[in-house]
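Engineer: Got a structure for you, written out below as structure tokens; questions coming shortly.
The values are calculated or read from the model by the stated rules, or taken from the named source; none is laboratory data. These figures come from a predicted structure and were not determined experimentally. Cβ placement follows ideal geometry from the backbone for every residue including glycine, while neighbour counts extend to all protein chains displayed.
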Amino acid sequence: MTDPVPHDPAMTDRAILAGSAYRTERDLAARQSLYRWQTPSYDLPALVAEQLHSVRGSVADIGCGNGKFIKRLMRDRPDLRLLGLDVSPGILDGVPRPVAVADAARLPLRTASLGAALALHMLYHVENIPAAGAELGRVLTEPGIVVASTNSERDKAELDQLWVQAAGDVLGVEKGPSRISLSARFSLEKAPDMLGAVFSKVETIPLLGTIAVTTPDPVIAHMASYRAWASQHEVPFDETIARAHTIVTDHIARHGAFTITCLGGILVCSR
């Protein structure tokens, strides 16, 4: 089974994911931290835990990253048996055990062994998304659910515009090249059909909000967290980040805040 969605191979390159992008939690934490300034504020781990209210037995967080969701579930649902899986050994260092290094398209789990599986902001990093979807279906019991999440194609458009402006300034052109998009190949718009190939019911819960910052630091930390893919940006990365810092600083001085429109969502899947 091949993935029909074309993408930049760097987005799914395991050497980049495990060796740089998610070797530690630094860059992931920088992206997560931007949401501290979002209104309304969503407690995403709590929303995920709520979807698991009727689940019993074992739950695997696939692509668990720094363990943010596992830690919350340990607190809210101590009755569940939790397992964290990720392609990066390094990022698993701080995740509560048990954990394992694993590929989402080849899960080291028995068929019908899970009451639920989480796939949160990670399926866009899987080389073969249809294969990963089939694996999610295979490891679930009947009934069982998958809770996935991703962002809209319209998410944080202001950061995309900021990058294009900063890159253009660095290159001395009106508009620079676009920055790489993490969620484009598994966006909130595409995900229901992709997951619908395996699951008969896919419910989308949109999470719309606005981030307003009065200092450039959170925005620049978020943009700099894409450093692992710097070679894909067709522009000097550090110089573009520095120029973006100046643009945001000037914008805040004139307007009082830099505002970003966010649209992400949770997808709850069942057979």
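Engineer: Taking the stretch 19-57 on its own, how many of its residues are polar (S, T, N, Q), within 24 Å of Gly209 (Cβ to Cβ) and surrounded by fewer than 15 Cβ atoms within 10 Å (Cβ to Cβ)?
Structural biologist: Residues in the stretch 19-57 being polar (S, T, N, Q), within 24 Å of Gly209 (Cβ to Cβ) and surrounded by fewer than 15 Cβ atoms within 10 Å (Cβ to Cβ): 3 in total.
Engineer: Please identify the pairs in which a residue from the stretch 122-144 that is under 15 Å from Asp86 (Cβ atoms) has its Cβ atom under 7 Å from the Cβ atom of a residue that is surrounded by 24 or more Cβ atoms within 10 Å (Cβ to Cβ) and of a type in the set (Phe, Trp, Tyr), counting only partners at least 6 apart or on another chain.
Structural biologist: Leu123/Phe186; Tyr124/Phe186
Engineer: Being modelled with pLDDT of 95 or more, not β-branched (Val, Ile, Thr) and not in a helix (DSSP H, G or I) is the filter here, so list the residues in the stretch 129-154 that pass it.
Structural biologist: Once the filter is applied, which keeps residues that are modelled with pLDDT of 95 or more, not β-branched (Val, Ile, Thr) and not in a helix (DSSP H, G or I), the stretch 129-154 yields Leu140, Gly144, Ala148, Ser149, Asn151, Ser152, Glu153, Arg154.
Engineer: Can you name the residue in the stretch 227-256 that is charged (D, E, K, R) and assigned to a helix (DSSP H, G or I) and is also farthest from Ala30 (Cα to Cα) among such residues?
Structural biologist: Per the criteria, the residue is Arg254.
Engineer: Tell me which of these Cys64 doesn't satisfy, since it passes every other one: (1) within 29 Å of Val219 (Cβ to Cβ); (2) assigned to a helix (DSSP H, G or I).
Structural biologist: (2)
Engineer: Please go through the stretch 196-217 and give me each residue that is of a type outside the set (Ser, Thr, Tyr) and either within 17 Å of the chain's Cα centre (by Cα) or in a strand (DSSP E or B) (or both), ordered by number.
Structural biologist: Lys201, Val202, Glu203, Ile205, Pro206, Leu207, Leu208, Gly209, Ile211, Ala212, Val213, listed by residue number.
Engineer: Follow-up question, since we're still on this one. Which one is nearest to Leu118 (Cα to Cα) among residues in the stretch 136-195 that are of a type in the set (Ser, Thr, Tyr) and over 16 Å from the mean Cα position of the chain (by Cα)?
Structural biologist: Among them, the one singled out is Thr141.
Engineer: Taking the stretch 163-182, which residues are within 15 Å of Gln232 (Cβ to Cβ) and of a type in the set (Gly, Ala, Ser)?
Structural biologist: Ala167, Gly176, Ser178, Ser181
Engineer: Still on this model: Of the residues that sit in the stretch 178-216 and are over 16 Å from Gly265 (Cα atoms) and modelled with pLDDT under 95, which one is surrounded by the fewest Cβ atoms within 10 Å (Cβ to Cβ)?
Structural biologist: The residue in question is Ser178.
Engineer: For the stretch 250-262, check the following and say yes or no: at least one residue is over 21 Å from the mean Cα position of the chain (by Cα) and under 22 Å from Val173 (Cβ atoms).
Structural biologist: Yes, that holds for at least one residue.
Engineer: Enumerate the pairs (first residue in the stretch 16-45 and in contact (Cβ under 8 Å) with a residue 60 or more places away in the chain and of a type in the set (Lys, Arg); second residue anywhere and surrounded by 15 or more Cβ atoms within 10 Å (Cβ to Cβ) and outside any helix (DSSP H, G or I)) with beta-carbon separation below 8 Å, excluding pairs fewer than 6 apart on the same chain, so at least 6 apart or on different chains.
Structural biologist: That search, which allows pairs on different chains as well, returns Arg23/Ser88; Arg26/Ser225; Arg31/Ser225.
Engineer: Could you list, in sequence order, all residues of the stretch 108-128 that are within 20 Å of Ile70 (Cα to Cα), assigned to a loop (DSSP other than H, G, I, E, B) and among the small types (Gly, Ala, Ser)?
Structural biologist: Matches in the stretch 108-128: Ser113 only.
Residue-by-condition table, conditions (1) touching a residue at least 12 places away in the same chain (Cβ under 8 Å); (2) on the phi > 0 side of the Ramachandran plot:
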| position | (1), (2) |
| --- | --- |
| Lys156 | yes, yes |
| Leu159 | yes, no |
| Lys175 | no, no |
| Arg185 | yes, no |
| Thr214 | yes, no |
| Trp229 | yes, no |
| Arg254 | no, no |
| Phe258 | yes, no |
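Engineer: Among the residues of the stretch 234-271, count how many are out of contact with any Lys or Arg (no Cβ under 6 Å at 6 or more places or on another chain), of a type in the set (S, T, N, Q) and surrounded by fewer than 20 Cβ atoms within 10 Å (Cβ to Cβ).
Structural biologist: Adding up the residues that qualify gives 4.
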